[in-house]
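The values are calculated or read from the model by the stated rules, or taken from the named source; none is laboratory data. What you see is a predicted model, and the numbers here were worked out from it, not measured in a lab. Note that each Cβ is placed from the backbone with ideal geometry, even for glycine, and that neighbours are counted across all protein chains shown.
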Amino acid sequence: MLKSIIQRIAEELNVKQSQVEATITLLDGGDTVPFIARYRKEVTESLDDTQLRLLDERLIYLRELDERRDSIIKIINEQGKLTTELRQSLYTADTKTRLEDLYKPYKVKRLTKAQIARDAGLEPLAQSLLDDPTLNPETEAEKYINKDKKIIISKDALDGAKQILMERFAEHAELVGQLREYLWDNGVMLSKVVAGQEEAGSKFSDYFDAKENLNKMPSHRILALFRGRKEGFLSITTELEEAELTPGQLSTMEHKIAQCFAIENQHRAADKWLLEVVKWTWRIKVKTSLDMDVKKRLREIAESAAIDVFGDNLKDLLLAAPAGQKVTIGLDPGLRTGVKVVVVDETGKFLDDATIYPHAPKRQWDQAIHVLAALAQKYAAQLISIGNGTASRETDKLAADLMKQYPQLRLNKIVVSEAGASVYSASELAAKEFPQLDVSLRGAVSIARRLQDPLAELVKIDPKAIGVGQYQHDVSQVQLGRKLDVVIEDCVNGVGVDLNTASIPLLVQVSGLNNTIAGNIVSYREQNGAFKNRKQLMKVPRLGAKAFEQSAGFLRVMQGDNPLDSSAVHPETYSVVEKIAQHQKCDIRHLIGDAQFLRSLNPADYTDENFGKLTIKDIINELEKPGRDPRPEFKTAEFKEGVEEPKDLKPDMILQGVVTNVTNFGAFVDIGVHQDGLVHISQLADKFVKDPREIVKAGDVVKTKVVEIDLKRNRIALTMRLNEKVESQAKPMGELHKNKRQKKIVNQAAPENNAMAAAFAKLK
């Protein structure tokens, strides 16, 4: 089986079988994807992390498929029904759906009407009428009357025979597969409002009477329909649009069933009865089953797309530019309860706290500025990080006033997303970190730290609480969790981790480490002081040779004994660097950063039986810029003075903002009014945009223009097409169009841009 899996994955990824086989060997040996992607390029012949992730996913799926196949073959064989032809069909089944279709006739079922009929001895009747339609059904049925079997009249016998054939037709794997694909390719989804729910379900009004081709529905509309149904506002069905049938005429699907079993109306004695069996098969057995199958397929496609959107947004947030190691004041804004203030040092260590009351009802503005100035001066603070929740704009004004009154402090202020800060502050981790601090002050610490290093802070929070998803609560939480874990792992290992400052949640994401080892690393650090080199990791309890191999290259020791320990050069290749230094008769420290010299080296000169050109090339590139951070340069948006609430907005107003969330239908942008505006996909650029992430990603600073403000529904429409006069966003935000054949949904933003857009932050 492994050989066929290797061949199939190689074909799907368009790579060599040797690459797939080598990668599977590494994965089965306990190597992680980040480690393989970074340090085993020679073995995989340069498969990148995306290819490796796909390979890993397909390997899991195909192995599960093989396990299920073996189980099914064993069950059918025990029944004595495993023919050579069936065995071959099972072995060539390439999806779980196809496998289950083939298994369906042999699956142990509850007592069905068909089985009762078979037990009553009616299978020969069903078979004879199917084989020879010239037979008279009534006459043949009379032969099977048996009062002991409760077959009182011929109709009872024919009803039993009908049930037997209906079940047989409905369990024909090839036929069901063909019907399913035909429905998928030609069917439509119909949605109707549930009677009496028009007002309560107004946010789904675009779907009150709509239809769309099944295979063309975008993921966000699919999930909107399913949510509308779940909440009791919509009914949804799948249909095939056909011309009105004449009496006795078969529908397309009924015709396909009849054709499969050579049933046709030649005016023979049993033809009419057999055609009735076909109709009942479709209407009673197959239609409902296929409707469920197609809806399941739609949901799976939509969930996969939604999970990918969440993963992409999370990646962008985690890899957002860090402000760096600077003393930072964190402000968690509030009105009546005051603004919570904390100071953290360059590494995020808590230094001090205070609570100020600059806003209503106390309005202690000057006193608040004095407290902030004193803290900034005492700890030589450089940054002020302001949470973007309630009273954030007012607090942003306070920080601006502070900077104006005390220019000598040389402070910079930045408004950051506080999504998930409250989740962190109430967590067990936060309680262990800051047992002496109030929950609200812990939130301020998180706000300060996420400015210094978003990745290091956000990994402490359940990613589902960060709020960058699209219908995240409607999708499989297991699959979502798996995807987000992969994203976090790739981001953390892509950036690297400071061994002497990393928290347990950050260390857990490092290749080869788990909760126990991460906790032991922190305990060792607390008991023995900072790590001086990577070799000390071997002294950490439970951190063996394999864990060291997988993790060492991603763990950095800054200002340690060995300069290579602060780079991504793996300890297993230190000998290569030493070889280069000896060959050039210089110290390793002189090699690092000497771009001109390093670029003159020929990787082939330093290869051996252990390390090839790809590895040597990576080492030289790393020496040129050791420990380089792949994240972008830090920059911030400047919110417009005097624009603090939606009522302050005016059409055509140009505003800077920060992209908070990217969905399949557009991007949400924080423009500083406590309500994100939507830039619909059609308004992202002066060209056709298929995927919004081609233009923007979460965390981007963008310039937008206000198109429409709906204060009643708390909805803001924006555009990034600044050179155009856009009079209204009404059409893409909520209109249904009609074409010649059907009413078709074209509202890319779907109902979530009605009342749901206003509540999108909560939805996320």
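Can you tell me which residue within region 552-563, out of those that are assigned to a helix (DSSP H, G or I) and of a type outside the set (Gly, Ala, Ser), is nearest to the chain's Cα centre (by Cα)?
For region 552-563, the residue satisfying everything is 554.
Only residues in region 220-245 that are touching a residue at least 12 places away in the same chain (Cβ under 8 Å) and under 18 Å from residue 186 (Cβ atoms) count as the first member; pair them with residues that are hydroxyl-bearing (Ser, Thr, Tyr) and surrounded by fewer than 19 Cβ atoms within 10 Å (Cβ to Cβ), Cβ under 6 angstrom, at least 6 apart or cross-chain, and list the lot.
none
Being over 27 Å from residue 524 (Cβ atoms) and out of contact with any helix residue (DSSP H, G or I) (no Cβ under 6 Å at 6 or more places or on another chain) is the filter here, so list the residues in region 540-578 that pass it.
Matches in region 540-578: 578 only.
Kindly provide the set of residues from region 341-356 that are surrounded by 19 or more Cβ atoms within 10 Å (Cβ to Cβ) and assigned to a loop (DSSP other than H, G, I, E, B), ordered by number.
Across region 341-356, the qualifying residue is only 348.
Give region 58-90 a look and list any residue that's more than 32 Å from the chain's Cα centre (by Cα) and not aliphatic (A, V, I, L, M), or say none.
Across region 58-90, the qualifying residues are 74, 77, 78, 79, 80, 81, 83, 84, 85, 87, 88, 89.
Could you tell me how many of the residues in region 141-173 are free of Cβ contacts under 8 Å to residues at least 60 places away in the same chain and either part of a helix (DSSP H, G or I) or crowded, with 17+ Cβ neighbours inside 10 Å (or both)?
Qualifying residue count, region 141-173: 16.
Name, by its number, the condition in (1) surrounded by 16 or more Cβ atoms within 10 Å (Cβ to Cβ); (2) modelled with pLDDT under 95 that does not hold for residue 384.
Just one mismatch for residue 384, condition (2).
Looking at region 120-138, which of its residues are in a helix (DSSP H, G or I) and in contact (Cβ under 8 Å) with a residue 24 or more places away in the chain?
Those that are in a helix (DSSP H, G or I) and in contact (Cβ under 8 Å) with a residue 24 or more places away in the chain: 123, 125, 126, 129, 130, 137.
Might you check whether a residue that is surrounded by fewer than 24 Cβ atoms within 10 Å (Cβ to Cβ), of a type in the set (S, T, N, Q) and not in a helix (DSSP H, G or I) occurs anywhere in region 390-399?
Scanning region 390-399 turns up at least one residue that is surrounded by fewer than 24 Cβ atoms within 10 Å (Cβ to Cβ), of a type in the set (S, T, N, Q) and not in a helix (DSSP H, G or I).
Would you point out which residue out of 308, 312, 366, 332 is without any contact (Cβ under 8 Å) to a residue 12 or more places away in the chain, out of contact with any Leu (no Cβ under 6 Å at 6 or more places or on another chain) and farther than 30 Å from residue 174 by Cα?
That would be 366, the only listed residue that is without any contact (Cβ under 8 Å) to a residue 12 or more places away in the chain, out of contact with any Leu (no Cβ under 6 Å at 6 or more places or on another chain) and farther than 30 Å from residue 174 by Cα.
Would you check which residues across region 645-661 are of a type in the set (Asp, Glu) and either within 14 Å of residue 388 (Cβ to Cβ) or crowded, with 18+ Cβ neighbours inside 10 Å (or both) and list them?
645
Hey, does region 623-644 have a residue that's of a type in the set (A, V, I, L, M, F, W, C), in a helix (DSSP H, G or I), modelled with pLDDT of 90 or more and surrounded by 12 or more Cβ atoms within 10 Å (Cβ to Cβ)?
yes
When region 339-366 is examined, which residues are found to be among the small types (Gly, Ala, Ser) and farther than 19 Å from residue 449 by Cβ?
Within region 339-366, just 360 meets the criteria.
Report those helices (runs of 4 or more DSSP H) wholly inside region 564-604 carrying at least 2 residues which are in the same structural domain as residue 38 (by TED's automatic domain parsing) and touching a Lys or Arg at 6+ places or on another chain (Cβ under 8 Å).
In region 564-604, there are no helices (runs of 4 or more DSSP H) which contain 2 or more residues that are in the same structural domain as residue 38 (by TED's automatic domain parsing) and touching a Lys or Arg at 6+ places or on another chain (Cβ under 8 Å).
Considering only residues that are in a loop (DSSP other than H, G, I, E, B) and either touching a strand residue (DSSP E or B) at 6+ places or on another chain (Cβ under 7 Å) or surrounded by 18 or more Cβ atoms within 10 Å (Cβ to Cβ) (or both), which ones fall in region 662-688?
Within region 662-688, 664, 665, 671, 672, 673, 675, 676, 684 qualify.
Identify, from the list 478, 492, 445, the residue that is assigned to a helix (DSSP H, G or I), buried (at least 22 other Cβ atoms within 10 Å of the Cβ) and under 21 Å from the mean Cα position of the chain (by Cα).
492
May I ask you to say which residue of 508, 497 is among the β-branched types (Val, Ile, Thr) and in contact with a Leu (Cβ under 9 Å, 6 or more places away or on another chain)?
On inspection, the qualifying residue turns out to be 497.
Given (1) closer than 21 Å to residue 11 by Cβ; (2) free of Cβ contacts under 8 Å to residues at least 12 places away in the same chain; (3) touching a helix residue (DSSP H, G or I) at 6+ places or on another chain (Cβ under 8 Å), identify the lone condition not met by residue 95.
(2)
For region 555-567, enumerate the residues that are touching a strand residue (DSSP E or B) at 6+ places or on another chain (Cβ under 9 Å) and crowded, with 22+ Cβ neighbours inside 10 Å.
555, 556, 557, 565
Within the bounds of region 500-513, is there any residue that is farther than 21 Å from residue 35 by Cβ and of a type in the set (Ser, Thr, Tyr)?
Yes: region 500-513 contains one or more residues that are farther than 21 Å from residue 35 by Cβ and of a type in the set (Ser, Thr, Tyr).
Residue 402: in contact (Cβ under 8 Å) with a residue 40 or more places away in the chain and part of a helix (DSSP H, G or I), yes or no?
Spelling it out, it is not the case that residue 402 is in contact (Cβ under 8 Å) with a residue 40 or more places away in the chain and part of a helix (DSSP H, G or I).
Which of the following residues is surrounded by fewer than 22 Cβ atoms within 10 Å (Cβ to Cβ), outside the structural domain of residue 29 (by TED's automatic domain parsing), closer than 25 Å to residue 49 by Cα and modelled with pLDDT of 95 or more: 530, 552, 545?
Step by step, each of 530, 552, 545 is checked, and only 545 is surrounded by fewer than 22 Cβ atoms within 10 Å (Cβ to Cβ), outside the structural domain of residue 29 (by TED's automatic domain parsing), closer than 25 Å to residue 49 by Cα and modelled with pLDDT of 95 or more.
Determine which member of the set 181, 198, 212 is under 30 Å from residue 307 (Cβ atoms), acidic (Asp, Glu) and surrounded by fewer than 21 Cβ atoms within 10 Å (Cβ to Cβ).
181
Starting from residues that are small (Gly, Ala, Ser) and in contact (Cβ under 8 Å) with a residue 40 or more places away in the chain, keep the ones in region 528-570 and report whichever is farthest from residue 625 (Cα to Cα).
Step by step, filter region 528-570, then rank; the result is 551.
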